[in-house]
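Only the coordinates and a few stated rules stand behind these numbers; no lab work does. Please read all numbers here as calculations on a predicted model, not as lab measurements. Glycine also receives a Cβ, built like all others from the backbone with ideal geometry; neighbour counts cover every protein chain displayed.
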Amino acid sequence: MRLFKFRGGVHPDGHKQASANKAIESLPIPEYLYVPVQQHIGAPAEPEVCVGENILKGQLLAHSQGNVSAPVHAPTSGVVHAIENHTAPHPSGLPVKTIVIKSDGEDRWINTVTPIDPFQLSAEEISIRVGAAGVVGMGGATFPSAVKLNLRNRYSIHTLVINAAECEPYLTCDDRLMRERGQQVVDGIRIIQHALGAEKVIVGIEDNKSIALAEMTASAANYDDITITKVPTRYPMGSEKHLIQTVTGKEVPARALSADIGIIVHNVATAHAVHRAVRYGRPLVSRIVTVSGDAIREPRNLEVLIGTRVSELVAYCGGYKESPSRLLMGGPMMGQTLPRDEVPIVKGASGIIALSTQQVAEQLARPCIRCASCVTACPCGLLPLEMASRSKKGDFQGALDYGLMDCVACGSCAYVCPSNIPLVQYFNYAKGELTNKQRTQHKATETKRLAEQRIARLEREKQAKAEAAAKRKAQKAAERAAKAAAKEPAKGKSEIAQNTSGQTAEKEISA
Amino acid sequence: MDKKILQIHSSPHISSGAGVDVIMRNVVYALLPVVAFSIYAFGLAALFTLMAAVLSCLLTEHWLCKWSRQTTSVNDWSVAITGIIYGLTLPPNLPLWMTLIGGVIAVSLGKFIFGGLGYNPFNPALVGRAFLQAAFPTAMTTWSAAFGAQRFTSLPASTLTFPLTSPQYDSLSGATPLAAMKFNQQPTDAMDLLLGLTSGSLGETCAVLILLGGLYLIARNMMNWRIPVGIFFTVIVLSALFHFANPHRYPDAVFMLFSGGLMLGAMFMATDMVASPITNLGCFIYGALIGTLVVIIRLWGGMPEGVMYAILFANAVSPHIDRFIQPTPFGHRS
């Protein structure tokens, strides 16, 4: 298959050998599980269980709210121990509403399932099943998958691209998943394809995963419309737009959805979750997590229940070799630092990476020497140094003019910067400030609109009252006149007619 | 686990490792053969001039940092490069006191006044040299011959001239190939130019070594090859055109390419990252501009050499090139 090249990109050291050859192991069920109600982009789910309630594995814990949301299910059977605030897996360390489950160790499912044939289902039924199972994008973006499946209603989708690039260093969870469960992944891919009505499927796998590539090729051998493609190992190959460009040569227009050009991208782990959800009716209650980094004693790939605390994964991997300097959720290029290891695993947690002090010696930023390494590295064709200097001095409009909103925050620029300038931090800061500004502005116009509406309403009411009063006055005068006319029958007819027309007018106003 | 030591940091959490000091150090490595050759060709005069140039630059930077209560930036190697390059552009028998003044001007007015490393609009070394050219035109255009017999045992009389007095020159003065061409229509053998068997500024004579240093940096991805290529291409095309039109008046392309400071300027001065454009296309345009200016100044100017002014002018244009030449962001092509 013909591949296309995207500009820029970097080649960070893969570090994948540490865990690539470790088979997926199931982590023993922990005693307590901490399940946050928000693990996805969109509105948080609303708890449906009460403290003290006995629950079974797969039972709905919190239902989704609104159009973009996802429900949360019980990862194992046990008792709802508490519904409280618990530190979120986010750099801020802020608390988020969390359902704490004390497991009974029996891991009893709520239902026994008879597998169904997904290809007999309609697209609607598939997307309802996927939505009900709480499946979200497992590559880290955690966008509710059902919402993406529903895009077929508004766009005609011809190609499904499966993102199996796994371009982040250290991470091997998708690699292992494809090696060990190729058939199931391909089944999930076919279900998504069926739901979208896409003519063809392209699975992009970076060429550093040759075993996964072979396994997937074998699993998909019977399906002519599924192409397993080897893509070059280059970060950020796993960026949706860049993968699309690599395998199709098409460029997703700025600020548009890939669906606009008839393409939808799903992550390979999402396909696996869809397979379980649709074929077996199993909700998303576990995921595969790579635990690695030079501060981890025995890097591994673990299948973990959602809500398991990071510390338990680390303990299972032999603990820390040395006390880590940074603990990351996700890969080292785009992952987020965790404030501590008591935070739970969520649906989007592809990896737990513990980096030692040597690996991430904090270095002071030096002045930019305009070496343009960032310009060469930027896969989005931007001038990161200019955007950063504008953001630094608070000129957000200037940063916008240099294309801030086209930045995907992949971090290639900061990775190559010889001056250690935290470019991504500047961009995130500028984006945040712009969002705030927009929100304030929106609020102000909204307030103004409401105030104006209120003034107009009061004005209308006042006018209506005045008119009503005038009408009443006129009516009374007419009645008086009618009475007088009754005494003098000669004038009668014309005044009665006037009276009726006045009454009709009043009715119209009150209506 | 000790909770206090966990860093909260923006992604990415790994870096490619090549820091500013590594890049700068490699530029110094690339310059070392040129430095060695200049000492071999001009002897003690070269050694003393280069030492004076580097020292004056380093000390100026250090004192200015101290004076403005900043941490000294001497250890990022960038000022060492300024010092070496500045030294390499000087005539071998320049009085040391002039060398020292030029170094102070280079770092203070060429770099520090704009905000230090990363903010200099012009190549600081050339600012220093341009000042000397304006202040001491005679001293800056008097050249001693290379490979003098006594070069390792004695210094030229002019080198140790007392500050603020005019230098006395030995009889052994040599014309540079460019001056010989301009004023006497006397060409120099191309092989001599390549191997540096001519007179000239300290570091500009041996084209081969300069090319090798530049290739080393290009191979290590520490220099944008489009700048020297843009310069060479324009110089070759323009000078070939003029030479074709009037071979008696205008020198051929090979001579233009390997004589004077063109090689040194194209490889090590025009490529100053701060003062050159950031896009690849911009670098080509910038190189072409330098090449054009060099040819114009050399062929019609009052001076035999024009590389310095060509680069300084192009430095001034560089931010404007960056403003107009910008890549199309992803998703905006249609």
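Per-residue 3J(HN,Hα) values for the range A:42-49, derived from phi via the Karplus relation 6.51 cos²θ - 1.76 cosθ + 1.60 with θ = phi - 60°, read x, 6, x, 7, 9, x, 10, 10 Hz in sequence order (x marks Gly and Pro). For chain B, what is the relative contact order in percent, using Cα pairs closer than 8 Å and at least 6 residues apart in sequence? In percent, rounded to a whole number, it is 17.
Starting from the Cα gyration tensor of chain B, take the square roots of the eigenvalues, sort them a ≥ b ≥ c, and report rounded, prolate or oblate (rounded when a/c is under 1.5, otherwise prolate if a/b is larger than b/c, else oblate). Judged from the Cα gyration tensor, chain B comes out oblate (a/c at least 1.5, b/c at or above a/b). The angle between the Cα long axis of helix B:207-219 and the main principal axis of chain B comes to about 10°, on a 0 to 90 degree scale. Among B:W300, A:W109, a tally of other beta-carbon atoms within 10 Å of each Cβ gives an order, fewest to most, of B:W300, A:W109.
Per residue, the average separation of C-alpha pairs within less than 8 Å and at least 6 apart gives chain A a relative contact order of 16 percent. Computed 3J(HN,Hα) for the range A:132-147, one whole-Hz value per residue from the Karplus formula 6.51 cos²θ - 1.76 cosθ + 1.60 where θ = phi - 60°, is 5, 7, x, 6, 10, x, 8, x, x, 6, 6, 7, x, 5, 4, 4, glycine and proline marked x. Mean per-residue shielding of peptide A:316-323 is 1, counting Cβ atoms of other chains within 10 Å of each Cβ.
Most exposed first by the Cβ proxy, i.e. fewest other Cβ within 10 Å, how do B:Y309, B:Y286 rank? Don't skip to the answer; put the middle values down first.
Working: B:Y309 18, B:Y286 29.
Least to most surrounded, the residues fall as B:Y309, B:Y286.
The sum of -39500 (n - 2.57) across all DSSP H runs of n ≥ 4, divided by the residue count of the protein assembly as shown, sets its helix-only mean residue ellipticity at 222 nm to -14000 deg cm²/dmol. Annotation for A:A214 and B:A134: the two label points, set 7 Å from Cα along the Cα-Cβ direction, are 7.1 nm apart. Among the residues of B:23-33, the average count of other protein chain beta-carbon atoms within 10 Å of the residue beta-carbon is 1.
How far is helix B:44-67 tilted off the main Cα axis of chain B, in degrees rounded to 10, range 0 to 90? Helix B:44-67 sits roughly 30 degrees off the main axis of chain B. By the count of neighbouring beta-carbon atoms within 10 Å, fewest first, A:S26, A:S419 end up ordered A:S26, A:S419. For chain A, the cysteines with no partner cysteine C-beta closer than 4.7 Å are A:C50, A:C167, A:C173, A:C317, A:C368, A:C371, A:C378, A:C380, A:C407, A:C410, A:C417. For the peptide B:277-284, the mean number of other protein chain Cβ atoms found within 10 angstrom of a residue's Cβ is 3. Distance from a point 7 Å along Cα→Cβ of A:S92 to each backbone N in the range A:296-329: keep the residues under 18 Å and list them by number. From the range A:296-329, the list is A:329. Taking 22 Å as the limit for the C-alpha separation, the pairs A:K209/A:K250; A:K148/A:K241; A:K16/A:K230 exceed it in the case of A:K209/A:K250.
Bridgeable lysines around B:K111 (alpha carbons under 19 Å apart, same-chain partners fewer than 8 residues away excluded): B:K66. What angle do you read, to the nearest 10 degrees and between 0 and 90, between the alpha-carbon axis of helix B:124-135 and the longest principal axis of chain B? Tilt relative to chain B: about 30 degrees.
Of B:A179, B:A125, B:A45, the residue with the greatest mean-square motion in the GNM of chain B, using alpha carbon springs below 10 Å, is B:A179. Can you compute log10 of I(q)/I(0) for the range A:119-353 with the Debye formula, treating each Cα as one identical point scatterer, at q = 0.07, 0.11, 0.15 Å⁻¹? So the normalised log intensities are -0.21, -0.53, -0.98.
What number, in percent, do you get for the relative contact order of the range B:19-174 if the mean sequence gap of Cα pairs under 8 Å and at least 6 apart is divided by its residue count? If you can, show how the numbers build up before the last one.
Working: 223 pairs, mean separation 40.8, N = 156.
Result for the range B:19-174 is 26 percent.
Whole-percent P(r), the protein assembly as shown, all Cα pairs, 20 Å bins from 0: 13, 34, 24, 18, 8, 2, 1, 0.
Of B:V35, B:V107, B:V274, the residue with the greatest mean-square motion in the GNM of chain B, using alpha carbon springs below 10 Å, is B:V274. Within straight-line reach of A:K465, meaning a Cα separation under 28 Å, sit the following lysines at least 8 residues removed in sequence or on another chain: A:K448, A:K473, A:K476, A:K483, A:K507.
Springs between Cα atoms under 10 Å define the GNM used for chain B, and in it the highest mean-square fluctuation of B:S276, B:S38, B:S154 occurs at B:S154. Between the amide H of A:F143 and those of A:I41, A:G137, distances stay under 5 Å, these residues lying 5 or more places away or on another chain, with hydrogens modeled in the peptide plane.
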